[in-house]
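All remarks here apply to the structure that follows.
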Amino acid sequence: MESVASFLAAEHPTALSFEILPPVRGGSIERTLESIRPLLEFNPAYVNITTHRTEVSYTPAGGGAYRCVTAKKRPGTVAIAAVLRERFGIRAVPHIICGDYSRGEIEDQLIDLSYLGITDVLALRGDRERAASVFTTSPDGHNHADSLCRQIEDFNKGRMVDGSEAEAPSTPFTFGVAGYPEKHEEAMNLSTDIANLKAKVDSGASYVVTQMFFDNSRYFDFVGRCRDVGITVPVIPGLKPLTSLRQMALLPRVFHIDFPDELSAALLRCTSDAEVRTLGIEWAAAQARELREKGVPSIHFYSMHAVQSVAEIARRIY
Ligand code: FAD
């Protein structure tokens, strides 16, 4: 199976990808796989599988006391990638994150994936802990994704984290990284953020997948600025169909994105989740149509809680 990077570089009509979140610890894999079935008929170019760091929760321990429990809330990324490939023949792109993991643990993930023949990944720093205000680095972990990119490139050459040399994998990893048309929340400004994005591309990333945006002009400006500083790899737009009233406040707060005036005005007129869902389909379909007309190689859909909406958009666009 060719890599995502090779697929994106080849001539083809605008393709589609989406993401799967592993089920909450102990949840049913079959239910998760069933939930994406409506999207399989659109022949996704690849499917991303997210990775989530350890979370802390407090459970009652009797007598008014609470027990602190730390657990990976959503384990299973690598296994789901393998199931997707084996069962559905889909190109699977598991996410590798720095948060929570030492370099040695990341190396172990790369070894597992390599043995499974899964050599497409998305290299990310990862979100900060939910209760923390800043990202904390694991002992012997990476501060930023560019350094993770370099570890993957080293692995491709057989250079291990302890300095030893190993046999280089027969199929090297190819990987994408994240980009932010409206700037990452921690960046001083968009220029410094794009300079940091360039460091990830210079460290081996073959493509960029953007954070969600609701105003295509932000994406086109971002791509223009990337090209101005010499980022030549594909920049895959990320779209999120809105599905609920609560997202009006939630998405700008969590993802540091703006709704354009026309969309925010329309959202304010909605009185139910059903109305937001209809609006979300119309809006994202219009975005996708324009992006397709401009010839983007693929569109990535943030499909969490929105599989039916993405399917409806795909029916209209593809
Ligand atoms: P970085 O590239 O490290 O950037 C983070 C910040 O640091 C930016 O402000 C950047 O400008 C700055 N920076 C970068 N390099 C340097 C440097 N060398 N020196 C100083 N500053 C630097 N999170 C998850 O936990 N799991 C997921 O599965 C997941 N999937 C995602 C998929 C996509 C497509 C996107 C867009 C995001 C995803 N995220 C995920 C969220 C992501 O992990 C967070 O946005 C995180 O805060 C930043 O990750 P990054 O890889 O962009 O980090």
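The values are calculated or read from the model by the stated rules, or taken from the named source; none is laboratory data. These numbers were taken from a predicted model, which means no experiment stands behind them. Heads up, the Cβs are rebuilt from the backbone with ideal geometry, glycines too, and the neighbour counts pull from every protein chain shown. Protein only, heavy atoms only, side chains kept; ligands, DNA and RNA dropped before computing areas. Shrake-Rupley method; radii C 1.70, N 1.55, O 1.52, S 1.80 Å.
Listing for the model above:
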quantity: Pairs, first farther than 30 Å from Tyr219 by Cβ in segment 162-181, second assigned to a loop (DSSP other than H, G, I, E, B) and basic (Lys, Arg), C-beta under 6 Å, six or more apart; calculated: Ala168/Lys157
quantity: Leading residue by the ranking (nearest to the ligand (Cβ to nearest atom)) among those in segment 226-242 that are out of contact with any Phe, Trp or Tyr (no Cβ under 9 Å at 6 or more places or on another chain) and open to solvent by 10 Å² or more (accessible area, probe 1.4 Å); calculated: Val229
quantity: Odd one out for Phe214, checked against (1) open to solvent by less than 10 Å² (accessible area, probe 1.4 Å); (2) in contact with a strand residue (DSSP E or B) (Cβ under 8 Å, 6 or more places away or on another chain); calculated: (2)
quantity: Breaking point among (1) of a type outside the set (Gly, Ala, Ser); (2) closer than 23 Å to Pro241 by Cα; (3) touching a residue at least 12 places away in the same chain (Cβ under 8 Å); (4) outside any loop (DSSP other than H, G, I, E, B), for Val78; calculated: (2)
quantity: Members of segment 202-225 that are within 11 Å of the ligand (Cβ to nearest atom) and aliphatic (A, V, I, L, M); calculated: Ala205, Val208, Val209, Met212
quantity: Search result, residues across segment 81-117 that are open to solvent by 20 Å² or more (accessible area, probe 1.4 Å), closer than 23 Å to Ala145 by Cα and part of a helix (DSSP H, G or I); calculated: Arg103, Gly104, Glu105, Glu107, Asp108, Gln109, Ile111, Asp112, Ser114
quantity: Criterion violated by Phe18 - all others in (1) among the aromatic types (Phe, Trp, Tyr); (2) more than 12 Å from the ligand (Cβ to nearest atom); (3) touching a residue at least 40 places away in the same chain (Cβ under 8 Å) satisfied; calculated: (2)
quantity: Any hit, segment 150-171, residues being within 9 Å of the ligand (Cβ to nearest atom) and in contact with a Ser or Thr (Cβ under 9 Å, 6 or more places away or on another chain); calculated: no
quantity: Residues being open to solvent by less than 50 Å² (accessible area, probe 1.4 Å), out of contact with any helix residue (DSSP H, G or I) (no Cβ under 8 Å at 6 or more places or on another chain) and under 16 Å from Ile299 (Cα atoms) - total across segment 28-61; calculated: 2
quantity: Some residue of segment 64-72 being at pLDDT 95 or above, within 16 Å of the ligand (Cβ to nearest atom) and either not polar (S, T, N, Q) or not in a strand (DSSP E or B) (or both); calculated: no
quantity: Filter pass, Arg31 being outside any loop (DSSP other than H, G, I, E, B) and either acidic (Asp, Glu) or in contact with a strand residue (DSSP E or B) (Cβ under 8 Å, 6 or more places away or on another chain) (or both); calculated: no
quantity: Counted residues, segment 184-195 - those being part of a helix (DSSP H, G or I) and surrounded by fewer than 16 Cβ atoms within 10 Å (Cβ to Cβ); calculated: 3
quantity: Selection within segment 178-199 - closer than 21 Å to Thr51 by Cβ, more than 6 Å from the ligand (Cβ to nearest atom), of a type outside the set (Ser, Thr, Tyr) and in contact with a Leu (Cβ under 9 Å, 6 or more places away or on another chain); calculated: Gly179
quantity: Positions within segment 243-269 being small (Gly, Ala, Ser) and either within 23 Å of the chain's Cα centre (by Cα) or surrounded by 11 or more Cβ atoms within 10 Å (Cβ to Cβ) (or both), in sequence order; calculated: Ser244, Ala249, Ser264, Ala266
quantity: Qualifying positions in segment 200-217 - touching a residue at least 12 places away in the same chain (Cβ under 8 Å) and either farther than 25 Å from Tyr46 by Cα or under 17 Å from the mean Cα position of the chain (by Cα) (or both); calculated: Lys200, Val201, Ala205, Ser206, Tyr207, Val208, Val209, Thr210, Gln211, Met212, Phe213, Phe214
quantity: Subset of segment 137-149 [touching a Lys or Arg at 6+ places or on another chain (Cβ under 7 Å), open to solvent by 20 Å² or more (accessible area, probe 1.4 Å) and either more than 13 Å from the ligand (Cβ to nearest atom) or part of a loop (DSSP other than H, G, I, E, B) (or both)]; calculated: Asp140, His144
